[in-house]
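> Following this message is one structure expressed as structure tokens.
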Amino acid sequence: MNEKILVVDDEKEIADLVELYLQGEGYQVCKCYSGAAALAWAKKEEPDLAILDVMMPDIDGFTLLREIRKEHYFPIIMLTAKVQSQDKIDGLTMGADDYVTKPFQPMELVARVKTQLRRYKQYNRQTWIREEQEPGEYNVKGLHIEKDSHACTWNGETLSLTPMEFKILWYLCEQQGKVVSSEELYEAVWGEKYLDSNNTVMAHVARIREKMHEQARNPKLIQTVWGVGYKIE
């Protein structure tokens, strides 16, 4: 077991305690006492999982979460003294995989780390198997998309897509002709449980259409099947 865990908490005693228990289970641990330090480290080395404190003096945990999710997909557990349900929903909607409230039992946190790593490995294994059986590019109604290079053009014009936007388009191309529900699309792209109040998929699809200069009411590529989901014919 050589997985690298990033622990971010401005309370040194808590960071040291988490490190002690994780190292006891055989994990490598990198501690950061500020959001800025964590962001700088994550740009140089990608951990297998991160534990982020929400309340930090420089960059709060939610902001750090959003910045990490722009480029990285490893599991993230939020650690916070807040207990409001809305805070948990916000964190999960932004891309967190789990939420632990202070004070906490260290062994419970370790158990959650193991669970998230196990899920992440299983998801990646299934993705790898699927990729071995699938084409590396699609050409659909003026859209050309290549998986390896992440290149994407629409009627000859290059589209500048975020990683999540690219994954949404790719998944819809994989399911061409089928209606994909928001729930299925979210769980396939983000790899986590969909919440009923989650408008993340709708917002991302709207941004993709905007970049394509598509009209929301009469799109040429991504069709909305009202009350069901989205599809590419």
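> How many residues, within the range 22-43, are more than 21 Å from Tyr120 (Cα to Cα) and not hydrophobic (A, V, I, L, M, F, W, C)?
Final tally of qualifying residues: 5.
> I would also like to ask the following. Would you mind telling me which numbered condition in (1) among the charged types (D, E, K, R); (2) at pLDDT below 70; (3) open to solvent by less than 80 Å² (accessible area, probe 1.4 Å); (4) within 21 Å of the chain's Cα centre (by Cα) Arg125 fails?
Here Arg125 clears every test but (3).
> How do the pairs read when you match residues in the range 149-171 that are in contact (Cβ under 8 Å) with a residue 12 or more places away in the chain with residues anywhere that are surrounded by fewer than 18 Cβ atoms within 10 Å (Cβ to Cβ) and of a type in the set (Asp, Glu), using Cβ under 6 Å and keeping only pairs 6 or more apart or on different chains?
Listed by first residue and then by second, the contacts come to nothing, as the list is empty.
> Among helices (runs of 4 or more DSSP H) lying entirely in the range 21-104, which contain 1 or more residues that are at pLDDT 85 or above and among the hydrophobic types (A, V, I, L, M, F, W, C)? Write out each step before concluding.
Working: elements: 35-44, 61-69, 85-94.
Because the criterion is at least 1 residues that are at pLDDT 85 or above and among the hydrophobic types (A, V, I, L, M, F, W, C), the helices (runs of 4 or more DSSP H) in the range 21-104 that meet it are 35-44, 61-69.
> State whether the residues of the range 149-163 include one that is at pLDDT below 75 and of a type in the set (S, T, N, Q).
Taking the range 149-163 as the starting set, the residues that turn out to be at pLDDT below 75 are none.
No, every residue in the range 149-163 fails to be at pLDDT below 75 and of a type in the set (S, T, N, Q).
> For the range 7-33, what are the residues that are farther than 17 Å from Pro106 by Cβ and buried (at least 17 other Cβ atoms within 10 Å of the Cβ)?
Cys30, Cys32, Tyr33
> Hey, can you tell me all the residues within the range 188-213 that are under 22 Å from Tyr138 (Cα atoms) and open to solvent by 30 Å² or more (accessible area, probe 1.4 Å)? Break it down stepwise before answering.
So the first thing to find is which residues in the range 188-213 are under 22 Å from Tyr138 (Cα atoms), and the list is 188-190, 201, 204-213.
Those that are under 22 Å from Tyr138 (Cα atoms) and open to solvent by 30 Å² or more (accessible area, probe 1.4 Å): Trp190, Ala206, Arg207, Glu210, Lys211, His213.
> Could I ask something else about it? Of the residues in the range 159-187, how many are closer than 18 Å to Glu137 by Cα and of a type outside the set (Lys, Arg)?
Number satisfying all stated conditions: 18.
The values are calculated or read from the model by the stated rules, or taken from the named source; none is laboratory data. These numbers were taken from a predicted model, which means no experiment stands behind them. Heads up, the Cβs are rebuilt from the backbone with ideal geometry, glycines too, and the neighbour counts pull from every protein chain shown. What goes into the accessible areas is simple: the full protein's heavy atoms, side chains included, and nothing from ligands, DNA or RNA. Shrake-Rupley method; radii C 1.70, N 1.55, O 1.52, S 1.80 Å.
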